[in-house]
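The values are calculated or read from the model by the stated rules, or taken from the named source; none is laboratory data. Only a predicted model underlies this, so the values are computations on that prediction, with no experimental measurement involved. Reconstructed Cβ throughout: ideal geometry from the backbone, glycine too, with neighbour counts over all protein chains shown. Just the protein is used for accessible areas: all its heavy atoms, side chains included, with ligands, DNA and RNA removed. Shrake-Rupley method; radii C 1.70, N 1.55, O 1.52, S 1.80 Å.
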Amino acid sequence: MVEQTVQWRFARGDAGADEIQSTVDEILVQLSDSASEAWDAARAAGLEPAGLGEVQIEVREGAQGAEPVLTTILIGIAVKAGSTVAESLWREVIWPQLRRRLGTRVLGDRQDGLARSA
């Protein structure tokens, strides 16, 4: 299956790209542990955690505005299973864990014309 990348743009929240990337990396590692919360969340979302081992998520800062608060955060998810899997992984697994670990304002509103990804 061809790898597909989806990308979303968010307003900056309370966390920077490096902190979010570090937390996302920890969550992805947990997808290989059947005793983890991430594994359970993936299963509950109808995803097969073992099949998510090749998922790559890149978090980076977008163009900076005059104020740091105007900086955007770009989230890119590369998966071989398609964009619906990427969306489910983000909404049901990654996003809730980011909010628990880094706070409810970890990211601002989605800036790519779509509703907030929560």
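What the table shows:
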| item | result |
| --- | --- |
| Surface accessible to a 1.4 Å probe, Asp112 within the full protein complex, Å² | 60 Å² |
| Dimensionless Rg/Rh of region 1-44 - Kirkwood Rh, Rg from C-alpha atoms | 1.06 |
| FRET efficiency for Ser22 and Thr84, using Cβ-Cβ distance with R0 set to 25 Å, rounded to 0.05 | 0.40 |
| Amide H partners (placed H, <5 Å) of Leu107, local residues excluded | Asp14 |
